[in-house]
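Here's the structure, in structure tokens; my notes come after.
The values are calculated or read from the model by the stated rules, or taken from the named source; none is laboratory data. Since this is a predicted model, take the numbers as computed values, not measurements. With ideal geometry, Cβ positions are generated from the backbone for all residues, glycine too; neighbour counts draw on all protein chains shown. Remember, those area values only see protein heavy atoms, side chains included, never the ligands or the DNA or RNA. Shrake-Rupley method; radii C 1.70, N 1.55, O 1.52, S 1.80 Å.
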Amino acid sequence: MTIPNRFDHASEAEVILEAWEKSGCSHAEVRNDRPPFTIVIPPPNVTGALHLGHGLNNTLQDILVRSKRMQGFETLWMPGTDHAGIATQAVVERRLKEQENKSRHDLGREALVERIWAWKDQYEQRILGQLKRMGASCDWPRTRFTLDETCTAAVRATFFDLFHKRRIYRGKRLVNWDTYLQTAVSDDEVFNETKKGHFWHFSYPVIDPKPGEPKRVEIATTRPETMLGDTAVAVHPDPEAALDAVEAELREKLGHTVAGEREAIEAQLEALTRRRETHLPTLLRLRDMARDGRALRLPLADREIPLIADPWAKPELGSGCVKITPAHDPNDYEVGLRAGLPMINVLNPDGTMNGEAGAYEGLNIPQARARVVEDLDRLGLLGDVEDRDIELPYSDRSKTPIEPYLADQWFVAMEELAQSAMDAVTDGRVRIRPERYRKGYLDWLSEKRDWPVSRQLWWGHRIPIWAANGLSEADAESLADRLKRLPEFDAEQVAFRVDSDDDGSRSLFVCLRDESESLESAVEGLGLTRDPDVLDTWFSSALWPHSTLGWPRQTEELDYFYPTSVLVTSRDIITLWVARMVLMGLNNVGEVPFRDVFIHPKILDGLGETMSKSKGNGVDPNDVIDKFGPDALRYGLARLATETQDVRMPVQFECPHCEKLIDQTRKNRSLPAVRCPECGETFSTQWAESDEDRAHPKAAVVSERFETARNFVNKLWNAARFTLMNLDGYMPQRVDVASLPLEDRWLLSRLSTVTRRTTEAIEGYHFAEAARVLHEFAWDEFCSFYVEIAKPRFADETQRPITQAVIAHGLDTLLRLLHPMMPFVTESIWGYLNVAAPRRGVPEPADPGRFVMRADWPVADAAHHDPAIERQFNEFQQVIGAIRKIRASQNIAPRETVPVSIRCGDASRERLEPMRTYFEALAGAEVVALGPDAGAFETDAPLAIPAIDMEVHVDLEKFIDVDAELSRLEKLLGQLVKQITGKESKLGNENFVSRAPQAVVAKERESLEELRRQHATVESDIARLRSKVG
RNA sequence: GGGCGAUUAGCUCAGUUGGUUAGAGCGCCGCCCUUACAAGGCGGAUGUCGGGGGUUCGAGUCCCUCAUCGCCCACCA
């Protein structure tokens, strides 16, 4: 059998993927002869391509899925993608603008949605292609999309149900308005940025001031144009008490603060005292005026607005008075609700001023701001203008400023839903791991804030509500009657209700459960119009575990695969997604969506920053696969998945000219073109825009962290190659384990231990641990010892057959254990092994099956596990180590065989005697004396191994370097003295001896004895060497 | 402001319930292209376990405190 000496992943992976697919290896069916194991994929957004975070997320899922499948579970990994409402629409709109200079309004709703579908088709293919290339063993024919028919039916049914239960209601709410995209964006799609701005002080005249009363009230704002929508000015109802409270808090803080901050606090206290003199009298006055129902004149708008008392006004800040703009500020909105103030919206959806702004109508915000300031100045009402750093909200999607904006929205009432999701975690029906993430989940849910679900977008699930607004009570009732009398009316399909609005008018809302053209047109025939908004993307995501299984239909898949087994995700969407899936699953199916939630780390770049395309530090799994292969990508990621969050992964450019890896820095990662410091050639990056830059070949962004993993893949490949090259004449045979030599029983015992530890690690989501255990076993034990031992045995005709049986079994088990992490290379080797050893196994050979992917997971065979055997083999390993050490210290040429003499007890002699032949292969040594009488050579390099009470002597006649030997021994002696002193003082401590557990004390004593013995040996060795050199 | 986490070798990270001399990979040094593997083999050097205090016979591990970094939530006229 000829096998290349490197695994060619580029050509092999494709072949393997095709074979798996043809054989339906990852397909799951409803079957009642075995339990299911189910994972639903966190559906990636169709916005773009997958990055390394997805790579990690999906690798971990696939490890679970593949190992469970091998364990005999009917394993379903449900794939799919998310329509990602605003993100996707924003991307398509941006392209529309850039490439055709058109807005979505130029195109219209239908045409835009059509464009987004085209985009989705393209990117979905790319994303699914990336997943397949990584080896993700999803059940591909079941692939869902959150906007497809199945998911849509689930969304409609859920909305209908919640509407029916009155858990969906309509209300006004300040939303984060993106004036560029003309939509509301959710809080988590808003980021803050600090900008230089101004803090303007204005005065509003008091209407008919009485003697002694202030003629003007000063307020301050960072957004002057909003004053046109002011409907009150507030002062604190008890400014004195409020100041007292602030002072008390400062004094409390002063009590336990460090010197550095002391001064600042004292200064604040002083300012507070001054303020009592300068501001308090005025504030008290104003408070009284507010109680009297006095009013101010709002300049420019020329409106009368009340002075009100509200605790939102902070007497310790500014003038102590605050303007109230309920339609454009979240806090003012609350004040407005409390005081029953009108809410005046002065903005159009596109960010220009509307008719309410009077003369300012049509201006955009910066223009309006400038004009307002100018006009107030002319009226003499402008006070100080301070420079100030202002934190402004920006839209994550359009990167333009957010304007708070009052709009009608649909809400989901969370009281009961949130409670149900909290209960599911507190009583353990859902387990969150690591456990510390429970707190965030529970805290967030416990606020039970109602969930605003409308989005002013075109891409998404359109809200299935038809409405008629502004009706009188009688009209609303008669309209409802007409609805009920429609021939198409069906109480199972139609829910409706009449709500009253702020202005006292009535609205009729009709919710339709399923898509039905006839019903829709009948409803529209009554004069109702459909709500233009779509639902928050998380609404459909929340249904994912059951919608993908066919709910609301009672499918057999739902019955069999739900609840799913585990959800694997990252921590930033525990609240947005995980919590909502739990409560929706409970509401719709009556059962939690998953038993376990596993939260995995985030991957950061070498500078500790999150990876993202906008920083240029994002790594495409495809680039890693190109360079290192899919198995290296997966194994490399799996070994990072520790309990510690946030893994740093230094990122490099791969120079397309010389293939060298160039570290990314904050500087070079944002350049359009970079000169390679290795070869001097220039390459381009994702930022290249000019033709000149683009002319250079583009560098892939990868991480050298995958080299280790790639090397491991290669190591495994070569261990397999060695095995396969020595399987000529292999005959399956029954193996009598008890009669096997030590080295074979050692291997079997280790296989048993490693199988158990790997299985436990994967089941406990300790992926890095599993990766480490397998790496150590494969490399340091299977390759470094068993393969070396097998060499002389293969050469011996009598030992050859049994060695073949054991090594084939060893490789077989290793392939099965590694398969979930490294599916391709293991599957490839499995194919070769099936040819060379079609039936294999210890003790009884069996048919392994065509694919390792569908092979049985190894069982930790307790009969093979034998700690005594492992200890005995370890004795041999220590002797080998001792000889190697001596050789290295004497610089003995690798191919020189040295004579060794090993002084040991009879029991050890018996064990080592049959192993004599391996000393040559492992340490280049010939054992010339072994046993209690084995002595030193004339020119001797000794090494004592006290732990097993042995002495190893190497005959150095030809090679001895006495100085080197002496310095080695003297160094050793120094270390021993240090340790002995430490132990002696520890054991001399009465407290230790009397209070520590006896076992610990005894162990210390024993170890001290050993050290002393070793010390004596080394001393005599040194003396003997010294006498030699005279 | 509240919460969570991190800080261990030059770099990236392990370190189970406190218990011999704190580990791995990469990098570094020395010797080797030995027929599975130079993407390799053998050997080696490198640590006041962030600072300080405490509990304990014993602390990388438990407690307090400070510092630095990161994330989440809230707030910011």
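Okay, here's what the table says:
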item	result
Scope segment A:150-199; condition within 17 Å of A:Leu417 (Cα to Cα) and open to solvent by less than 70 Å² (accessible area, probe 1.4 Å); matching residues	A:Val155, A:Ala157, A:Thr158, A:Phe159, A:Phe160, A:Asp161, A:Leu162, A:Phe163, A:Arg167, A:Ile168
Subset of segment A:1016-1030 (residues that are closer than 22 Å to A:Met950 by Cα and either of a type in the set (Gly, Ala, Ser) or within 11 Å of RNA strand B (Cβ to nearest atom) (or both))	A:Ala1016, A:Ser1020, A:Ala1023
Close pairs from segment A:862-889: first over 17 Å from A:Thr917 (Cα atoms), partner open to solvent by 60 Å² or more (accessible area, probe 1.4 Å) and in a loop (DSSP other than H, G, I, E, B), Cβ under 9 Å, at least 6 apart	A:Arg887/A:Pro894; A:Arg887/A:Glu896; A:Ser889/A:Asp961
Segment A:521-567, residues that are farther than 30 Å from A:Ala87 by Cβ and touching a strand residue (DSSP E or B) at 6+ places or on another chain (Cβ under 8 Å)	A:Val523, A:Glu524, A:Leu526, A:Gly527, A:Leu528, A:Tyr560
Tally, over segment A:311-326, of residues that are surrounded by fewer than 24 Cβ atoms within 10 Å (Cβ to Cβ) and either of a type in the set (Val, Ile, Thr) or near RNA strand B (Cβ under 10 Å from one of its atoms) (or both)	6
Single match in A:Leu508, A:Leu483, A:Leu519, A:Leu471 (criterion: among the aliphatic types (A, V, I, L, M) and open to solvent by 30 Å² or more (accessible area, probe 1.4 Å))	A:Leu471
Failed item, numbered, when A:Ala768 is tested on (1) over 36 Å from the mean Cα position of the chain (by Cα); (2) modelled with pLDDT under 95	(1)
Criterion (acidic (Asp, Glu) and under 16 Å from the mean Cα position of the chain (by Cα)) met by exactly one of A:Asp82, A:Asp62, A:Asp33	A:Asp62
Matching residues, segment A:423-455, being in a helix (DSSP H, G or I) and within 16 Å of RNA strand B (Cβ to nearest atom)	A:Val425, A:Tyr437, A:Arg438, A:Lys439, A:Gly440, A:Tyr441, A:Leu442, A:Asp443, A:Trp444, A:Leu445, A:Ser446
Criterion (open to solvent by 40 Å² or more (accessible area, probe 1.4 Å), within 24 Å of A:Leu815 (Cβ to Cβ) and of a type outside the set (S, T, N, Q)) met by exactly one of A:Arg639, A:Arg634	A:Arg639
Options A:Ala778, A:Ala808, A:Ala768; residue that is over 19 Å from A:Ala719 (Cβ atoms), within 16 Å of RNA strand B (Cβ to nearest atom) and touching a residue at least 40 places away in the same chain (Cβ under 8 Å)	A:Ala768
Pairs with Cβ under 9 Å, 6+ apart, first in segment A:274-289 and closer than 14 Å to A:Lys215 by Cα and among the aliphatic types (A, V, I, L, M), second part of a helix (DSSP H, G or I) and open to solvent by 60 Å² or more (accessible area, probe 1.4 Å)	A:Leu283/A:Glu240
Within segment A:823-861, considering residues that are in contact (Cβ under 8 Å) with a residue 40 or more places away in the chain and among the charged types (D, E, K, R), the one nearest to A:Val806 (Cα to Cα)	A:Arg840
Only listed residue being at pLDDT 85 or above and surrounded by 24 or more Cβ atoms within 10 Å (Cβ to Cβ), chosen from A:Gln122, A:Gln71, A:Gln99, A:Gln61	A:Gln61
Residue in segment A:351-374 that is free of Cβ contacts under 8 Å to residues at least 60 places away in the same chain, assigned to a loop (DSSP other than H, G, I, E, B) and within 19 Å of A:Val235 (Cα to Cα) present	no
Enumerated strands (runs of 3 or more DSSP E) restricted to segment A:465-523, each holding at least 1 residues that are farther than 30 Å from A:Pro342 by Cβ and in contact with a Lys or Arg (Cβ under 9 Å, 6 or more places away or on another chain)	A:494-500, A:506-512
Residue count, segment A:541-554 (criterion: outside any helix (DSSP H, G or I) and open to solvent by less than 20 Å² (accessible area, probe 1.4 Å))	5
Residues satisfying the stated conditions in segment A:647-661, i.e. more than 10 Å from RNA strand B (Cβ to nearest atom), in contact (Cβ under 8 Å) with a residue 12 or more places away in the chain and over 13 Å from A:Ser684 (Cβ atoms)	A:Val651, A:Gln652, A:Cys658, A:Lys660, A:Leu661
Failed criterion for A:Ala947 (all others in (1) small (Gly, Ala, Ser); (2) over 14 Å from A:Ile886 (Cβ atoms); (3) free of Cβ contacts under 8 Å to residues at least 60 places away in the same chain hold)	(3)
Residue count for segment A:216-254, restricted to those that are in contact with a Leu (Cβ under 9 Å, 6 or more places away or on another chain), part of a helix (DSSP H, G or I) and open to solvent by 30 Å² or more (accessible area, probe 1.4 Å)	4
Qualifying residue in segment A:597-614 (condition: under 14 Å from A:Ser420 (Cα atoms) and open to solvent by less than 20 Å² (accessible area, probe 1.4 Å))	no
Top-ranked residue of segment A:574-626 - restricted to ones that are in a loop (DSSP other than H, G, I, E, B), hydrophobic (A, V, I, L, M, F, W, C) and within 12 Å of RNA strand B (Cβ to nearest atom), ranked as farthest from A:Gln686 (Cα to Cα)	A:Leu607
Some residue of segment A:940-947 being among the acidic types (Asp, Glu) and out of contact with any His (no Cβ under 7 Å at 6 or more places or on another chain)	no
Sole residue being open to solvent by 30 Å² or more (accessible area, probe 1.4 Å) and of a type in the set (Gly, Ala, Ser), chosen from A:Ser690, A:Ser684, A:Ser703	A:Ser690
First in segment A:617-646 and at positive phi, second anywhere and surrounded by fewer than 24 Cβ atoms within 10 Å (Cβ to Cβ), Cβ under 6 Å, 6 or more apart	A:Gly629/A:His9; A:Asp646/A:Pro601; A:Asp646/A:Lys602; A:Asp646/A:Leu604
Filtered residue count, segment A:974-1003, keeping only those that are near RNA strand B (Cβ under 7 Å from one of its atoms) and either open to solvent by less than 90 Å² (accessible area, probe 1.4 Å) or over 47 Å from the mean Cα position of the chain (by Cα) (or both)	8
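Residue by residue, here is whether (1) in contact with a strand residue (DSSP E or B) (Cβ under 8 Å, 6 or more places away or on another chain); (2) near RNA strand B (Cβ under 8 Å from one of its atoms); (3) at pLDDT below 90 holds:
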{"position": "A:Ser703", "(1), (2), (3)": "yes, no, yes"}
{"position": "A:Ala709", "(1), (2), (3)": "no, no, no"}
{"position": "A:Arg721", "(1), (2), (3)": "no, yes, no"}
{"position": "A:Met731", "(1), (2), (3)": "no, no, no"}
